[in-house]
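The values are calculated or read from the model by the stated rules, or taken from the named source; none is laboratory data. Keep in mind it's a predicted model, so treat the numbers as computed, not measured. So basically every Cβ, Gly included, is an ideal-geometry build from the backbone, and we count neighbours across all protein chains shown.
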Amino acid sequence: MATAPYGIRLLVGAAVTAIEETRKLPQTILMYPMTVVSQVAHLVMKVQQDVADLVIRGDEALDQLFPPKEEQPEWATFDEDLDDGEPARESTDGERLTEGRFALFTGGEPEDSNPSPARTTTTMTADVPEIVTELDYESLTLAQLRARLSSLRVADLEALLDYEGATKARAPFQTLLANRISRATAK
């Protein structure tokens, strides 16, 4: 078979390529917006990286010209700054800084560290409801109690609320129980 001239082969090849690309056109049109968005996102990220690189280089140059002063604020106290015999820092009212709102989640004592005589006698005479021992209520955190509320009856919730009021009287626990009782009785 004789070989066709170069120009004819070029034209036939171009025609076949045009036909193939025309067949792919519907899929290409659908993908084109995504391709444009991807390229724009790439360009934006590249510009952000270049700007961040310039800022870092500027910081390095300024640090060489004007070395930073290593200062520690007066109020900042780190473990290595404390002497071994120095006690932990306390707030102005004498309460340890690790207590307070965090005690709600660790099962710690309520913020009132000096219970009144009325609360002490109420605690001793309080009848422990069965639901308290069943749930091991004393060891529950607020989040654990919240997770168990949906499975409790209104009578159990009221018993827990009364027990909480007679013993630790923790406001978040009382609020949680009271809100659940309100929602349960509203149904």
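Structural remarks
- All helices (runs of 4 or more DSSP H) inside region 35-135 with 2 or more residues being modelled with pLDDT of 70 or more: 130-135
- Any hit, region 172-183, residues being in the same structural domain as residue 130 (by TED's automatic domain parsing), under 17 Å from residue 133 (Cα atoms) and surrounded by fewer than 17 Cβ atoms within 10 Å (Cβ to Cβ): no
- Residue within region 150-161 that is modelled with pLDDT of 80 or more and in contact with a Phe, Trp or Tyr (Cβ under 7 Å, 6 or more places away or on another chain) present: yes
- Looking only at residues of region 138-171 that are polar (S, T, N, Q) and part of a loop (DSSP other than H, G, I, E, B), we find that the one that is surrounded by the fewest Cβ atoms within 10 Å (Cβ to Cβ) is 141.
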